[in-house]
Structures are given as C-alpha cells and as structure tokens.
1. Which condition does residue 22 not pass, out of (1) over 14 Å from residue 6 (Cβ atoms); (2) at pLDDT 90 or above; (3) touching a Phe, Trp or Tyr at 6+ places or on another chain (Cβ under 9 Å); (4) of a type outside the set (S, T, N, Q), if it passes all the others?
2. Do we have residue 80 as in contact with a helix residue (DSSP H, G or I) (Cβ under 6 Å, 6 or more places away or on another chain) and modelled with pLDDT under 90 here?
3. Residues in the range 35-58 that are surrounded by 14 or more Cβ atoms within 10 Å (Cβ to Cβ) and either touching a strand residue (DSSP E or B) at 6+ places or on another chain (Cβ under 6 Å) or at pLDDT 80 or above (or both): how many?
4. Name the residues in the range 16-61 that are assigned to a helix (DSSP H, G or I) and among the acidic types (Asp, Glu), would you?
Amino acid sequence: MQFSLSQLKRLREWRGLTQEELAEASGVKLSSIQKQERGVQDDAKLSVAAPLASTLAVPVEALFSAEITDKWINHSVEVPA
C-alpha cells in the first residue's frame, strides 16, 4: 500500500514556511519535500513523515488526512524558523 503526504503543502504554507525552511528545520531533504508536494513521490515513509509532522507541530496522521481540521492544528505551538 502506498501513502502520500497529501496535506504537506497546505500545512507548510499554513505555518508560513518555505520548502527550504521546512527542509532545514526537519532535516528532510529538500528534494523529498518537493517530490511529495508535487505528487511525484507517492510512497511516504515514516522516517520522512515523522520529522515533517514534528516540525509542523501536527500529528503524523494529519499529513495523510483527506482534509485538515482544527483537531490537527495546535495553535499554541511555535514552529522553528
């Protein structure tokens, strides 16, 4: 079964981060983030999803959700710039 990080771009933009900032803060390669956002890489691994979710201050499952709801967003968490 393949999983894509369907909400990555929306969550990244909601947090006000560029792809480069997210890559630096999460330790995930910029090219991986770009591929996920373009839908080129459709098999997301936990080793990629976990640091992205942590940096975006959302649970991992939020990246895979069909829609973003308030339960995924913790408004009190500061995201490193």
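1. Evaluating residue 22 over (1) over 14 Å from residue 6 (Cβ atoms); (2) at pLDDT 90 or above; (3) touching a Phe, Trp or Tyr at 6+ places or on another chain (Cβ under 9 Å); (4) of a type outside the set (S, T, N, Q) leaves (3) as the failure.
2. It is true that residue 80 is in contact with a helix residue (DSSP H, G or I) (Cβ under 6 Å, 6 or more places away or on another chain) and modelled with pLDDT under 90.
3. Result for the range 35-58: 14.
4. To start, the set of residues in the range 16-61 that are assigned to a helix (DSSP H, G or I) comprises 19-26, 30-38, 46-56, 60-61.
If the condition is that a residue be assigned to a helix (DSSP H, G or I) and among the acidic types (Asp, Glu), then 20, 21, 24, 37, 61 are the ones that fit.
The values are calculated or read from the model by the stated rules, or taken from the named source; none is laboratory data. Not measured: the values here are computed from a predicted model. Ideal geometry is used to build each Cβ from the backbone, glycine not excepted, and the neighbour counts take in all protein chains shown.
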